[in-house]
Amino acid sequence: MPSIIYGGVTYMQVRHAVQCKKCLDTVESKEIHDFKQCSCGAVGVDGGLEDGNRILGDFADIDDRSVYCAKSRGKTVWLPPLRNPCQKPMT
Ligand SMILES: [Zn+2]
């Protein structure tokens, strides 16, 4: 499973998804042969949560919506951090 290291913690990828900046579709690939393309065709995702999964399209059109997760001291931490509705928005 793809992972990244951030702040010394290894995060496993749990969602492989992008949003297209042109048509604003969000597409998610869930399996290795699950190729998804946005409705305007500018961006796509493939490979699910397997190593070597891919994002297709022009970097300028892509808004990465992938989510990563790590277990740290018994807590589950998310990357990017999930927005907590109880917290005041950061300014
Ligand atoms: Zn699109």
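The values are calculated or read from the model by the stated rules, or taken from the named source; none is laboratory data. Just so it is clear, the model here is predicted, and its values are computed rather than measured. Quick reminder, even Gly has a Cβ in these numbers, built from the backbone with ideal geometry, and neighbours come from all protein chains shown.
Structure summary
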| item | result |
| --- | --- |
| Any pair with Cβ under 8 angstrom, 6 or more apart, that starts in the stretch 60-82 at a residue that is more than 15 Å from Gly7 (Cβ to Cβ) and ends at one that is acidic (Asp, Glu) | Arg65/Glu28 |
| Residue check for Gly57: out of contact with any Lys or Arg (no Cβ under 8 Å at 6 or more places or on another chain) and surrounded by 14 or more Cβ atoms within 10 Å (Cβ to Cβ) | yes |
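Per-residue answers, yes or no, for (1) at pLDDT below 90; (2) of a type outside the set (Lys, Arg); (3) over 27 Å from Gly8 (Cα atoms):
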| residue | (1), (2), (3) |
| --- | --- |
| His33 | no, yes, yes |
| Cys40 | no, yes, yes |
| Gly44 | no, yes, yes |
| Gly47 | no, yes, no |
| Asp51 | no, yes, no |
| Ala70 | no, yes, no |
| Pro81 | yes, yes, no |
